[in-house]
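Student: This is the structure I have questions about; it appears just below.
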Amino acid sequence: MQLISERLLFNKYSATDLSIYQSLMMNENVVRYISGRAPTFEATQKRFEYIVDLNAQHNLFGFFAVLEKI
């Protein structure tokens, strides 16, 4: 599912986005103000499986990657 605003694209995470999700969540600079520390590889993989399952169950809500239109 994709939502579009004037400036942004909202793409629901799917199984093919694991490496993108892990690169963001395991980056200390990205998660510094969210959790204070980056999770392990295994923890991000487990969380991502939950995200993909939830996204598959619900059409109107879930977890989205937010991209700026260029």
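Student: Loop-only check: which GluC sites (Glu not before Pro) in the chain are DSSP coil with at most 15 other Cβ within 10 angstrom?
Tutor: Numbers: sites: Glu6, Glu28, Glu42, Glu49, Glu68; in loops: Glu6.
Sites meeting the loop and neighbour criteria: Glu6.
Student: To the nearest 20 debye, what is the magnitude of the charge dipole of the chain about its Cα centre, counting +1 on the Cβ of each Lys and Arg and -1 on the Cβ of each Asp and Glu? Can you show the working numbers first?
Tutor: Details: 7 positive and 7 negative charges, 29 e Å.
So the magnitude is around 140 debye.
Student: Take the solvent-accessible surface of the protein heavy atoms, probe 1.4 Å, and return the percent of it on the chain that carbon and sulfur atoms account for.
Tutor: On the way: 3090 of 5370 Å².
About 58 percent, which is the carbon plus sulfur part of the accessible surface.
Student: What 222 nm value per residue comes from the helices of the chain, counting each DSSP H run with n ≥ 4 as -39,500 (n - 2.57) and dividing by all residues, nearest 500 deg cm²/dmol?
Tutor: On the way: 3 runs with 29 residues, N = 70.
So the calculated ellipticity at 222 nm is -12000 deg cm²/dmol.
Student: While we're looking at this one, here's another question. Residues of region 24-66 with backbone nitrogen within less than 14 Å of a virtual label 7 Å along the Cα-to-Cβ line of Met1, please, listed as ranges.
Tutor: What the label zone holds, given the 14 Å backbone N cut-off, is 52-65.
The values are calculated or read from the model by the stated rules, or taken from the named source; none is laboratory data. What you are looking at is a predicted structure, and each value in this text was computed from that prediction instead of being measured. Cβ sites come from the backbone with ideal geometry, for glycine too, and all protein chains shown count toward neighbours. Note: accessible area is taken over every heavy atom of the protein model, side chains too, but ligands, DNA and RNA are not part of it. Shrake-Rupley method; radii C 1.70, N 1.55, O 1.52, S 1.80 Å.
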